[in-house]
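Notes for the one structure printed next.
The values are calculated or read from the model by the stated rules, or taken from the named source; none is laboratory data. Note that the coordinates shown come from a computational prediction; the quantities given were computed from them, not determined experimentally. Don't worry about glycine lacking a Cβ; one is built from the backbone with ideal geometry, like all the others, and counts go over all protein chains shown. Each accessible area value is taken on the protein alone, full model and side chains, heavy atoms only, with ligands, DNA and RNA left out. Shrake-Rupley method; radii C 1.70, N 1.55, O 1.52, S 1.80 Å.
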Amino acid sequence: MNILVTGSGGREHALAWKIAQSPKTENLYIAPGNAGTANLGTNVPISATDFPALKDFVLANDIHMVVVGPEDPLVLGIYDYFRDDETLQSVPVIGPGKAGAQLEGSKDFAKAFMMRHHIPTAGYRSITAETLSEGHAFIDSLQAPYVLKADGLAAGKGVLIIDSKEEAKAELTNMVNGMFGDASKTVVIEEFLDGVECSVFVMTDGEDYKILPVAKDYKRIGEGNTGLNTGGMGAVSPVPFAGEHFMQKVEDRIIRPTVEGLKKEGIDYKGFIFLGLINVNGEPKVIEYNCRMGDPETEVVMPRIQSDFVDLLEGIANQDLKNRELSIDPRTVITIMLVSGGYPEAYEKGKEITGTGEHIPEETILFHAGTRQADGKLLTNGGRVLAISSYGNSMDEALSRSYKVAESVRFDKMYYRRDIGFDL
Ligand code: AMP
Ligand code: GLY
């Protein structure tokens, strides 16, 4: 098969790495990709949201499947664009249609969906400028801290967690008045849930599902989970607290009702469901849905999948996922993200990266996130630059392998957290 992966981060490198291993893969293309994906296939300079350009490329290069990495093209309707175009209909897109992508694209939709299907989540109220006083009254009824979420996509910045009641009311007013543009015209106010988070990934063909390895990511920039939120500074899989008993509850109360709920509502969903969960005294609750794989979680999930991933993707496309095999490597995989100094605020790009060529042990994989190649040099090209994933028979073994490689990589103002996995 000729396969096109869209996106340019560490997640897409990890997806491409796994897809490239399949005997079913003939030609692999990544649009737009990064310096890492260029070693696995052909990078194509097309943005993941430029549907007409993707169409031309797919037709000209006899592409048999499109695997969508990020959420934006899904929320914008890439699946529907292919389905509704006569010349593209036969090319499966791995990812939900616009309706299903609303699980991520609209927090209000996701909350209402969970209510309809009795899926455990935090209590909430959706508020607009017209119902602001109701929002203030709801805040009065809650205990601190207060959770305010922009309804729409806000590049990971749309969630505020605020200790003071007065400040929460003021921020609610700012949000509905356009603090995050149209994304916060509707705001979801949520009850605060106290617990440890984990990420559960499900592949579904709309009928059946398979549960991929569970992971935990580290979102804050600073050690001890302090400072600003980032896209993710590291990840661990498996997650010790998400054992068989907990995962059985997740499957019974969350995964099955979600897949069945989508089906009952006539929503065509063939792709990944990412459940952001919180463990509240042993009880799983949904913090958020995403309609794609996580980043950096994919950089620990893909290395743990032993089966042919393309075979599984075909199972999604052909709606016979139940006949496909999923086997999981029992070892731990941990990834450490090397980031540009200043990230997640302003940072510089174009710094030369050295030390990625040598001494990489067999148990370690270097996934590129924000990199590009120019004049024979490897350069930084984003906030998150490289994800160093290692296998280990224990967390300590995986960590020490990744940290050892991190020490040999260099670029100006490089930063990484030295405490990934500290709380497990
Ligand atoms: P989200 O974008 O919905 O995943 O929210 C971003 C982060 O905010 C989550 O990863 C949690 O750490 C935190 N968060 C979101 N909702 C809640 C909640 N109801 N209770 C506690 N923390 C939350
Ligand atoms: N690591 C969280 C995300 O991909 O949204």
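Annotations for the structure displayed:
- Couplings for the stretch 327-338, taken from phi via the Karplus curve 6.51 cos²θ - 1.76 cosθ + 1.60 with θ = phi - 60°, read 10, 10, 6, x, 5, 7, 10, 10, 10, 10, 9, 8 Hz in order; Gly and Pro are left as x.
- SER22 accessible area, assembled protein chains, probe 1.4 Å, Å²: 10
- Around the amide H of MET233, modelled in the peptide plane, lie the amide H atoms of TYR218, LYS219, all under 5 Å away and 5 or more residues distant in sequence or on another chain.
- Estimated at the nearest 10 Å², the accessible area of ARG253 is 90 Å² with a 1.4 Å probe.
- Heavy-atom accessible area order for TYR415, TYR269, TYR29, largest first, 1.4 Å probe: TYR415, TYR29, TYR269
- In the full protein context, the chain carries 40 Å² of accessible surface per residue, based on a 1.4 Å probe and ignoring ligands, DNA and RNA.
- Legend: distances between Cα atoms for LYS149/LYS185; LYS219/LYS270; LYS18/LYS98; pairs beyond 19 Å are LYS219/LYS270; LYS18/LYS98.
- 3J(HN,Hα) along the stretch 249-262, derived from phi through the Karplus expression 6.51 cos²θ - 1.76 cosθ + 1.60 where θ = phi - 60°, amounts to 4, 4, 5, 5, 9, 10, 5, 5, x, 5, 5, 5, x, 4 Hz, with x in place of Gly and Pro.
- Based on every Cα atom in the chain, Rg and the maximum pairwise Cα distance Dmax equal 20.9, 61 Å.
- Alpha carbon centroid spacing (whole Å) that separates the stretch 275-307 from the stretch 358-373: 23
- Calculated [θ] (222 nm, deg cm²/dmol) that DSSP helices of n ≥ 4 give over the chain, each run adding -39,500 (n - 2.57): -8000 deg cm²/dmol
- Counting only protein heavy atoms and a probe of 1.4 Å, the accessible surface of the chain is 47% carbon and sulfur.
- Contact order relative to length of the stretch 212-282, as percent, for alpha carbon pairs under 8 angstrom and 6 or more apart: 22
- Diffusion coefficient, µm² s⁻¹, Stokes-Einstein with Kirkwood Rh over alpha-carbon pairs of the stretch 205-340 at 10 °C and 1.306 mPa s: 99
- Evaluated at q = 0.16, 0.17, 0.25 Å⁻¹: base-10 log I(q)/I(0), Debye formula over Cα of the stretch 251-329: -0.76, -0.86, -1.38
- Computed E for ASP50/ARG83 - FRET, C-beta separation, R0 22 angstrom, nearest 0.05: 0.80
- Zone residues, the stretch 332-349, relative to THR226, backbone N less than 15 Å from point 7 Å out along Cα-to-Cβ: none
- The relative contact order of the chain comes to 16 percent, based on Cα pairs under 8 Å that sit 6 or more residues apart.
- Long-range amide H partners of GLY33 with built H, under 5 Å: GLY7, SER8
- From phi via Karplus (6.51, -1.76, 1.60), per-residue ³J(HN,Hα) for the stretch 30-45 in Hz, x at Gly/Pro: 10, 10, x, x, 8, 5, x, 5, 4, 7, 10, x, 10, 6, 10, x
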